Each structure stands twice: as structure tokens, then as C-alpha cells.
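Written out below as C-alpha cells is the structure these notes cover.
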Amino acid sequence: MSPNENWREFVLAHVDGGALDGVVTRVLPFGAFVEVAQGMEGLLPTVGGTGPLTAGAAVSVRLDKLDVQNRRFSLTLA
């Protein structure tokens, strides 16, 4: 499956805002990147008490903002 098809399938399957289980892949000063599906990472910004996160931690998140044109998405804790 091509990256375009993967992205399209991901967006269609999760646009309803349901909870997703993910794994923290990187922690930066402004937030953490969370992989919610193979090859699909979103940013969980460090705002409003997201708490200390570490790489490898399991988290439950929801899609917050979706930038379809740039294939980016941000997350909030579920």
C-alpha cells in the first residue's frame, strides 16, 4: 500500500475522534511524538498537564487537529 493510501485510510478510520492507543517515540521540550499506527506519528503538545512522558510509554490519545495537506496531526490525551 502506498503512503498516500495509508494516510487516506488512517484519516477515514479515525476522523470521528475516537480514542487511539499509542506509544511515545520521542520526547521534545514542546511535546511528545506518539505513534498511533504503523508509520503514523502525531504530536501530543506539552500543555495543560500532559504530565511527564518518556519514550516507550503507552498512552491513550484522540486526534485533535488534522492537517490533511501536510499529512500532520496533533493529539490530546483521551
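Roughly how big is the chain's charge dipole about its Cα centre, with Cβ charges of +1 (Lys, Arg) and -1 (Asp, Glu), in debye to the nearest 20?
Magnitude of the dipole: close to 180 debye.
What does the charge add up to near Leu43, with Lys and Arg as +1, Asp and Glu as -1, over the other residues with Cβ less than 12 Å from its Cβ?
-1
For segment 38-44, take each phi angle, set θ = phi - 60°, evaluate the Karplus expression 6.51 cos²θ - 1.76 cosθ + 1.60, and give the result in whole Hz per residue in order, putting x for glycine and proline.
4, x, 10, 10, x, 9, 9
How about the chain: which trypsin sites (Lys or Arg not before Pro) there are in a DSSP loop, with at most 16 other Cβ atoms within 10 Å of their Cβ?
Arg71
Relative to the first principal axis of the alpha-carbon coordinates of the chain, what is the inclination of helix 3-14, with its axis defined by its Cα atoms, in degrees from 0 to 90 and to the nearest 10?
70
Net charge near Val23, counting Lys/Arg +1 and Asp/Glu -1 over other residues with Cβ under 10 Å of its Cβ?
-3
If I compute Rg and Dmax of the Cα atoms in Å from the structure I just sent, which labelled value in (1) 12.0, 37; (2) 11.3, 31; (3) 17.6, 58 lines up?
Computed from the coordinates, Rg and Dmax of the Cα atoms in Å corresponds to (1).
Which order do Asp64, Asp16 fall in if you start with the one that has the fewest other Cβ atoms within 10 Å?
The fewest-first ordering by Cβ neighbours comes to Asp16, Asp64.
Every number here is computed from the coordinates shown, using simple stated rules; none is lab data. All of these numbers come straight from a predicted model, not from anything done at the bench. Glycine gets a Cβ as well: all are built from the backbone with ideal geometry, and neighbour counts include every protein chain shown.
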